[in-house]
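Read through the structure below, which is laid out as structure tokens, and then see the notes.
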Amino acid sequence: MKSGSMKELGTKRVVSESEPDGTGSAVFDVLPPAPHLTVLTVTVRSHAGSTAAKPGATELFVSVTPDAVLRVVLRHHGHTLNKRVSVGARSSGKIVVPWSCSAPGSVYSYAITATDAYGASLTRTGKFQPMTAARCRALRATDERKRKEQEAANHRAAEREAREERSPRHKLEVGEAEYCERVLNGNAEESFTAAGHVYTRCARVTGEVVIVGEGVVG
């Protein structure tokens, strides 16, 4: 003859059964039933980028009853993406769809179906257009303009550096720095002019700071 006892432990129910002599006891955990599917919403938000390489993205924010299984079908420009996702205890998430200027103006279509443990399902469908061909052309033009501006800036910087290297002051500064490092065993910190002369501060390993230079600029 078996005797039984039952008690609640949080969301689980523990059932123990035993013989009168205390042998043969067993414990069973009974999980709560999965919720029935009642919610499936999809919110579409788009964010424009600033370059042709990264023109922007569309985000699909999905809210669904926990423990559902999602099937996501995304179609664009003759291609189809089919993905299955188990949401578990989560009730929300997002799907990020990056845009590409390789196929601008093409409309995306999506179908998101949620299914619960009892076979019930809900489906949401929709469409969105990531960007137009005109927007891609404008981004490419902006990228090209910035590229040319950067090239011009680099060219000006290289010319300025070359002029400085050819200048009498630069030659004096290089010579004083070499004297500081090789003869005085120090580190050249900075150069300055005073009364038409170029000087360099030289910090020696002893902690002493020596002023090097008698070169005349002009």
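Laboratory data are not the source of any read-out in this text; all were calculated from the coordinates shown. Everything quoted here is computed from the prediction, not taken from an experiment. Neighbour counts are summed over all protein chains in view; Cβ atoms, including those assigned to glycine, are modelled from backbone coordinates with ideal geometry.
Here the extension length gained between residue 143 and residue 127 equals 2.8 nm, from 0.36 nm per residue of separation less the Cα-Cα distance. Give the distance, in whole Å, between the Cα centre of region 140-164 and the Cα centre of region 101-115. Taking the Cα centre of each part, region 140-164 and region 101-115 sit 40 Å apart.
P(r) for region 29-88, from all Cα pairs and a bin width of 10 Å, is 16, 36, 29, 13, 5, 1 %, short bins first. Along each principal axis, taking the top coordinate minus the bottom one, the Cα set of region 90-187 gives 87, 37, 15 Å in descending order.
Relative contact order of region 94-188: 18 percent, from C-alpha pairs under 8 Å at least 6 residues apart in sequence.
Give the residue list of GluC sites (Glu not before Pro) in region 115-162 that are DSSP loop and have at most 14 other beta-carbon atoms within 10 angstrom. The qualifying sites: there are none. Treating r as the C-beta distance of residue 192 and residue 151 and R0 as 35 Å, the FRET efficiency rounds to 0.55. Compactness ratio for region 48-140: Cα radius of gyration over 2.2 N^0.38 Å (N = residue count) comes to 1.26. Note on region 148-218: Rg/Rh from C-alpha atoms, Kirkwood Rh, equals 1.13.
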